[in-house]
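No lab work stands behind these numbers, since they all come straight from the coordinates. None of these values were measured; they are calculated from a predicted model. In this analysis, Cβ positions are derived from the backbone assuming ideal geometry, glycine residues included, and neighbour counts consider all displayed protein chains.
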Amino acid sequence: MYLSLALNLAYAVLQGVSGVVNRSVWAGTLAFYYLVLSAARFSLLLGHKKDNSRQKWKRYRSSAFIMLALNFALLGIHCITLYMGHVITYPGYMIYAMAAYTFYTAVVAIRNVAVYREYKDPVLSASKALSLAAAAISVYSLQSAMISAFGDSESFRITMSNCVGACVFALICAISVFMIVRGTRALKRRQS
């Protein structure tokens, strides 16, 4: 969890710098997204050892609400950038950094889902979900940047961005809603 927090923060800073240098609303939005995810991870870390079961489930559910809210914010930015004609562009070094981060987060997220599924700790489950959401957003932003850098067709760029964006949006919504329902049920069981 500490390594994921450090990587999210580093990537947020990298995207923030890129957003300022390149005057990119998209990179600035991604920086904000990863900063908020880092704050959610930090909140999970704070209570991991000392919280009782009820507090852990509250942190679990609040992480789901944060993921859901950020997902809708990214959907809005996607629509604005795509349909107002803004192209997501990065300098060459940034695309390679994005690719490295994306492949790392995707592999770690999939590994964590497989390895830690037996654990019943809601904080670890929330951390896995945040990792999966971060990996999905990374895949989306990487494909957008790659098509903008190396693609020729505007219609292909729009079609791919919409398809991948819809899949990522649906995945994160499904994970968030599942977590909210599961967290609410767990809290009701512990209340009675």
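Count neighbours as other Cβ atoms within 10 Å of each site's Cβ, and list the trypsin sites (Lys or Arg not before Pro) in the range 18-52 that are DSSP loop with at most 11 such neighbours.
Details: sites: Arg23, Arg41, Lys49, Lys50; in loops: Arg23, Lys49, Lys50.
Answer by residue number: Arg23, Lys49, Lys50.
For the chain, the Cβ-based charge dipole about the Cα centre amounts to some 1320 debye (Lys, Arg positive; Asp, Glu negative; other atoms uncharged).
Normalised by the number of residues in the chain, what is the relative contact order in percent for Cα pairs under 8 Å and 6+ residues apart?
Working: 178 pairs, mean separation 51.5, N = 192.
Result for the chain is 27 percent.
With Cα atoms defining each centre, the range 27-58 and the range 160-192 are spaced 16 Å apart in the structure. In order along the range 17-26, phi translates into HN-Hα couplings of 4, 4, x, 6, 5, 8, 6, 9, 5, 4 Hz, rounded to whole numbers, per the Karplus curve 6.51 cos²θ - 1.76 cosθ + 1.60 with θ = phi - 60° and x for Gly and Pro.
Starting with the highest mean, order 115-122, 27-34, 67-74 by the number of other Cβ atoms within 10 Å, averaged over the residues of each peptide.
On the way: 115-122: 12.0, 27-34: 22.0, 67-74: 18.2.
Going from most to least packed, we get 27-34, 67-74, 115-122.
Converting phi to 3J(HN,Hα) with the Karplus coefficients 6.51, -1.76 and 1.60 and the offset θ = phi - 60°, the range 117-128 yields 5, 7, 5, 9, 7, x, 5, 5, 5, 5, 5, 4 Hz in sequence order, with x at every glycine or proline.
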